[in-house]
There are 2 protein chains.
Amino acid sequence: MARAAAASDVFNAISETHRREILDALMPGERPVGELVDALRLTQAQVSKHLRVLSDAGLVKCRADGRRRLYRVDHERLRPLHDWMEKYERHWNARLDRLDDYLGDLQRKDAE
Amino acid sequence: MARAAAASDVFNAISETHRREILDALMPGERPVGELVDALRLTQAQVSKHLRVLSDAGLVKCRADGRRRLYRVDHERLRPLHDWMEKYERHWNARLDRLDDYLGDLQRKDAE
DNA sequence: TTGACGTATTCCTATATCGGAATATAATGA
DNA sequence: TCATTATATTCCGATATAGGAATACGTCAA
């Protein structure tokens, strides 16, 4: 048996360097495929196929604009990743925790 | 050409369900291989091989105890993951939102 | 030393999937 | 309608890798 059903799996989708680059490139906002091809110096087929994987994983959404397709990140779909990571964060995020507490205090005082 | 050098890549290492389960099982602290086999209901060979991948990626460390091997998570190695995710966190992380609000307030006060 | 235990590795087969090339499809403009 | 543009898909060969089975290796106890 080979790898279990990997399609449509978020972790699998982001395991590929080029796919992470695509997501990064889409971070600021939606962009047509052609721009990704130019920006990332990948083949058009490469980009299309990677977008397919990202799309199957729900990580990107697409909308048509004439003959172009504008892709954008669906940030919410990264949540599984974040949820999994969160358990480990505390181990090297002690400072952020302290800051968090501090800001919480400030807000509580403001509310008084 | 196939997938680029994936070994020793953190993103690749955590793309597999069983490997994430192993990391989760090691979260509370170091554990011998046999315990992982029992806890996760995997073959001993499976666990050993997955531990190898995790180890190559630097995500786990090992120490010998008699004939047993105690594995533990090297949390620091998850940092690449965190760093990449951080860019996306803002979209659903209340903690960072508070920080944003707070810094926004400071700026507004400075402007007065 | 010998045998049992704990773990790692090797050999194998099936499958996933990357990238390249060519082609298909859809929308647009002349 | 026809050519062009923008994107998606198919076919291909090469490689990565999961899991099973068997086995090798290192350590301990008797």
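Annotation note: Cβ proximity below 6 Å between a residue of the range A:63-88 that is farther than 15 Å from B:Arg20 by Cβ and a residue that is exposed (fewer than 11 other Cβ atoms within 10 Å of the Cβ) (sequence gap 6+ or interchain) occurs for A:Leu70/A:Arg63. For the range B:12-32, the set of residues classified as under 12 Å from B:Arg72 (Cβ atoms) and either near DNA strand C (Cβ under 9 Å from one of its atoms) or part of a helix (DSSP H, G or I) (or both) consists of B:Ile22, B:Leu23, B:Ala25, B:Leu26, B:Arg31, B:Pro32, listed by residue number.
Once the range B:33-52 is narrowed to residues that are more than 9 Å from DNA strand C (Cβ to nearest atom) and part of a loop (DSSP other than H, G, I, E, B), the residue that is farthest from the other protein chains (Cβ to nearest Cβ) is B:Arg41.
The residues on offer are B:Arg63, B:Arg69, and the sole one that is in a strand (DSSP E or B), touching a Pro at 6+ places or on another chain (Cβ under 7 Å) and at pLDDT 95 or above is B:Arg69. The condition (being small (Gly, Ala, Ser) and either at pLDDT 95 or above or within 19 Å of the chain's Cα centre (by Cα) (or both)) is satisfied by just one residue among B:Ala39, B:Ala5, B:Ala111, B:Ala94: B:Ala39. Within the range A:2-28, residues that are within 9 Å of another protein chain (Cβ to nearest Cβ) reach partners that are at pLDDT below 95 and within 14 Å of DNA strand D (Cβ to nearest atom) with beta carbons closer than 7 Å, at six or more positions or on different chains, in the pairs A:Asn12/A:Ala6; A:Thr17/B:Ala4. Considering (1) within 15 Å of DNA strand C (Cβ to nearest atom); (2) under 24 Å from B:Glu21 (Cα atoms); (3) at pLDDT 90 or above, the lone condition that A:Ser55 does not fulfil carries the number (2).
The values are calculated or read from the model by the stated rules, or taken from the named source; none is laboratory data. None of these values were measured; they are calculated from a predicted model. Virtual Cβ from ideal backbone geometry, glycine too; neighbours counted across all protein chains shown.
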